[in-house]
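Following: one structure in structure tokens, then a few remarks.
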Amino acid sequence: KSGCITFDEGYGNTGSCQSDISFIDGEKGILRHRGYPIEQLAEHSSFLETAMLVIYGELPHEECLDAFRQHVRRNASIHTGMHHHFDGFPSDAHPMAILSAMLNSLGAYYPEMSSNNRDQDLAHFDETAALLISKVRTIAAMTFRMKMGLPFEYPDHKRRYTENFLHMMFSEPYGEYVDDHGAAEALDLFLMLHADHEQNCSTSTVRMVASGGANLFASVSAGVCALWGPSHGGANMAVIKMLEEIHQDGDDGTRFIEAAKKGEAKLMGFGHRVYKNYDPRAKILGKSAENMLQSMGMQDPLLDIAKRLEQAALEDDYFVSRKLYPNVDFYSGIILKAIGIPVEMFTVMFAIGRMPGWIANWKEIAENPKSRIHRPRQIYTGETQRDYVKLGDR
Ligand code: SDX
């Protein structure tokens, strides 16, 4: 089965692990979840259906998918005790700091799901998974409202997953959020394309924390912290900032490309540890960004700059020789910006999308009776043995 590499379980001497969830062929630009090509999932599936596929291994039957949807819908609100946490955060706190804190705090409100006793936590797995997928969205929206000084907007159980998120983000007491430009559909595709991605930095972090027996809330909270880094999930924010700087400089991208080639700048949203070909998700997101702006009758100069940068880079030997292609972050910010999501929330959106992958990887560790605590070894490059020197003799 592709995706199962025969290394020893856990992070033994090989530094690799075994997983059945996602398969990437970096040279060919292939990504499959449980064997299904990302292109087919993008065309036919939804975020919640792909979440079930990633977590449980199969495309769900209709009644299973409906039951999961109901489970997610019923878990949309957060405990009122957690509302008070927002009173303590400064309004300029970074949304990723709030998200990791709030996700870990969920464990305090659901002790039966966060016992750190593997069998007990697994016995509650289905509820915990649906609860996390639902509440991560609510916490994100509440964070935005707190930072904007707006009252919290409660979930509307009649709305589907992504539209409910946009409602909690943007509905006002004097006017409900109306999605009249395909925002929910574009955001659902965005979330679906982020669902899982093999052993990336944040997913490996989740597995590391899970391998010690920690509960799912603690593990995904650690994943959020890892995702925050600008080389990882923080790149989608960095891409928009880069495009805005290029636009403000009146540059058509030419000067920026030259700076990147001199090592004076990084072309954010380009390059990948595994893909040495076009990231298949970037292709889909590039098209989705174009379609969305067209349907909104919007012109975004940043999209034009992004397309020019991509064209220039794909023809330039500096990038071609280093196999640097657009990755998932290159176009995603343009979609989020068109939907009206502030740049500071972009990496939080990535976390919402990646939640199913983190949950699936935690499950893979927790369910494996052979799984041991991950304990990578190192090559020691420090001092050889030496004797203690008293303070007065130093
Ligand atoms: C994600 O792992 C995952 O699967 C992650 C992810 C997921 O879904 O979870 O796909 C999501 O994190 C995507 C990546 C988002 N990050 C960025 O877009 C930040 C910009 N990209 C770079 O930081 C970089 O490309 C990395 C970190 C993504 C990958 O780095 P590598 O593969 O370790 O490449 P490298 O640092 O060894 O660089 C190789 C060469 C170097 O030049 P030389 O030393 O050979 O002269 O390529 C250059 C680098 O300077 N280079 C770039 C570049 N990325 C690498 N030059 C300009 N712009 C870039 N973006």
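The values are calculated or read from the model by the stated rules, or taken from the named source; none is laboratory data. No experiment lies behind these values; they were computed from the predicted model shown. Cβ sites come from the backbone with ideal geometry, for glycine too, and all protein chains shown count toward neighbours. Quick note on the areas: whole protein, heavy atoms, side chains included, nothing else; ligands and nucleic acids left out. Shrake-Rupley method; radii C 1.70, N 1.55, O 1.52, S 1.80 Å.
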### Query
What 222 nm value per residue comes from the helices of the chain, counting each DSSP H run with n ≥ 4 as -39,500 (n - 2.57) and dividing by all residues, nearest 500 deg cm²/dmol?
-17000 deg cm²/dmol
### Query
Among the lysines, which fall within straight-line cross-link reach of Lys158, defined as a Cα-Cα distance under 22 Å, with same-chain neighbours fewer than 8 residues apart omitted?
Lys135
### Query
Mind ordering 78-85, 17-24, 142-149 by average Cβ neighbours within 10 Å, highest first?
17-24, 142-149, 78-85
### Task
Using all C-alpha to C-alpha distances in the stretch 173-229, build P(r) with 5 Å bins and read off the rounded percent in each one.
4, 17, 17, 16, 12, 10, 11, 8, 5, 1
### Query
Could you list log10 I(q)/I(0) for the stretch 290-383 at q = 0.10, 0.19 Å⁻¹, which the Debye formula gives when each Cα is one point scatterer?
-0.54, -0.98
### Candidates per GluC sites (Glu not before Pro) in the stretch 183-280, loop by DSSP, up to 16 other Cβ within 10 Å
Glu264
### Query
For the pair Arg118 and Tyr174, how long in nm is the line joining their label points, each one 7 Å along Cα→Cβ?
5.8
### Query
Shape call for the chain from the C-alpha gyration tensor, a ≥ b ≥ c root eigenvalues: rounded (a/c under 1.5), prolate (a/b greater than b/c) or oblate?
rounded
### Query
Sequence-distant or interchain residues sharing an amide H contact under 5 Å with Ile30, placed H: which?
Asp25
### Query
Which whole-Hz couplings ³J(HN,Hα) result when phi for each residue of the stretch 20-28 is put into the Karplus expression 6.51 cos²θ - 1.76 cosθ + 1.60, θ = phi - 60°, listed in order with x for Gly and Pro?
10, 7, 10, 10, 10, 10, x, 5, 9
### Task
Determine the order of Arg308, Arg137 by accessible area, beginning with the largest, at a probe radius of 1.4 Å.
Arg308, Arg137
### Message
Running a GNM on the chain with Cα contacts under 10 Å, which residue among Leu187, Leu166, Leu65 ends up with the highest mean-square fluctuation?
### Response
Leu65
## Note on the structure
For the table Lys323/Lys363; Lys262/Lys307; Lys287/Lys370; Lys307/Lys363, the rows whose alpha-carbon distance is greater than 32 Å are Lys323/Lys363; Lys287/Lys370; Lys307/Lys363
### Task
Compute the FRET efficiency between Asn368 and Asp393 as 1/(1 + (r/R0)^6), taking r as their Cβ-Cβ distance and R0 = 35 Å, and round to the nearest 0.05.
0.10
### Task
Could you work out which residue, out of Glu153, Glu344, Glu43, moves most in a Gaussian network model of the chain, that is, has the largest mean-square fluctuation with Cα springs under 10 Å?
Glu43
### Message
Quick check: with the 1.4 Å probe, what order do Ser91, Ser46 take by accessible area, largest first?
### Response
Ser91, Ser46
### Query
How large is ³J(HN,Hα) for each residue in the stretch 167-174, as worked out from phi by the Karplus curve 6.51 cos²θ - 1.76 cosθ + 1.60 (θ = phi - 60°), to whole Hz, x for Gly and Pro?
4, 5, 7, 10, 5, 10, x, 9
### Task
Take every Cα-Cα distance within the stretch 278-336, group them into 10 Å bins from 0 onward, and report for each bin the whole-number percent of pairs it holds.
23, 52, 21, 4
#### Entry: Probe 1.4 Å, all protein chains present, accessible-area order of Tyr56, Tyr325, largest first
Tyr56, Tyr325
## Note on the structure
Percent relative contact order for the chain, counting Cα pairs under 8 Å at least six residues apart, stands at 24
### Task
Kindly give Rg over Rh for the stretch 219-340, based on alpha-carbon atoms, with the Kirkwood expression for the hydrodynamic radius.
0.97
### Message
For the pair Glu58/Arg74, report the inter-label distance in nm, with labels modelled 7 Å from Cα in the Cβ direction.
### Response
2.3
### Query
If you bin the C-alpha pair distances of the stretch 223-264 every 5 Å from 0, what whole percents do you get?
5, 22, 19, 22, 15, 9, 6, 1
### Estimated vicinal HN-Hα couplings, Hz - the stretch 255-264 in sequence order (Karplus 6.51, -1.76, 1.60; Gly, Pro = x)
5, 5, 4, 4, 5, 5, 5, 8, x, 7
### Summary
With 0.36 nm assigned to each residue of separation and the Cα-Cα distance removed, Arg273 to Asp316 gains 13.5 nm
